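Just below is one structure, and these are the notes that go with it.
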Amino acid sequence: MLNQSLGIVKRPQLGGDVEARCGKCKEVREHVIAALDDKGGIARVECRTCGSNHIYRERKTATKTTSTRTVRGTRKDSASMVEAVGPLRAYSMQARFAVGDRLEHQKFGLGIVIEVRASKIDVKFGKELKTLIHAG
Ligand SMILES: [Zn+2]
């Protein structure tokens, strides 16, 4: 609490608490930070409820249903917030992608999915944003 009032960003620490989705409980549970990655982020957590030790996945907020046209201005902000968490896959129109997925496009190269809308995905390739088709 004191730290927060001073504007200090709380960094994850080994043994600290974090809320994460537990694959075993199938719910968001309190977890203990069990391992950190080399960037100081959370790598593994242990569920306080069932004790299972698993990879930490950030809680994802529900996909927004707002139309792209109206949120165009805010898309840049949300893009910088999205972390590449998914596996790296080759882009295909028949494949299905989720926010945070990494893909490799024949023409554009490596990209991160930052938004999913029905049969379309917005993918960030470096600083460029492209809208591609996926299986939805
Ligand atoms: Zn659990």
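A short reminder: the numbers here are calculations on the coordinates, not readings from a lab. From a predicted model like this one, the values you see are computed outputs, not experimental measurements. Positions of Cβ are backbone-derived with ideal geometry, glycine not excepted, and every protein chain shown enters the neighbour counts.
For trypsin sites (Lys or Arg not before Pro), the sites in region 87-119 that DSSP calls loop and that have at most 15 other Cβ atoms within 10 Å are ARG96, LYS107. Once you list every other residue whose beta carbon is under 12 Å from the beta carbon of LYS39, what net charge do they have if Lys and Arg are +1 and Asp and Glu are -1? Neighbour charge sum, excluding LYS39 itself: -2. Distance between the 7 Å Cα→Cβ label points at LYS120 and VAL32: 4.8 nm. Panel order for LEU110, LEU14, by other beta carbons found within 10 Å of each beta carbon, from fewest to most: LEU14, LEU110.
Modelled this way, with points 7 Å down the Cα-to-C-beta line, the labels at LYS130 and ASN53 are 4.1 nm from one another.
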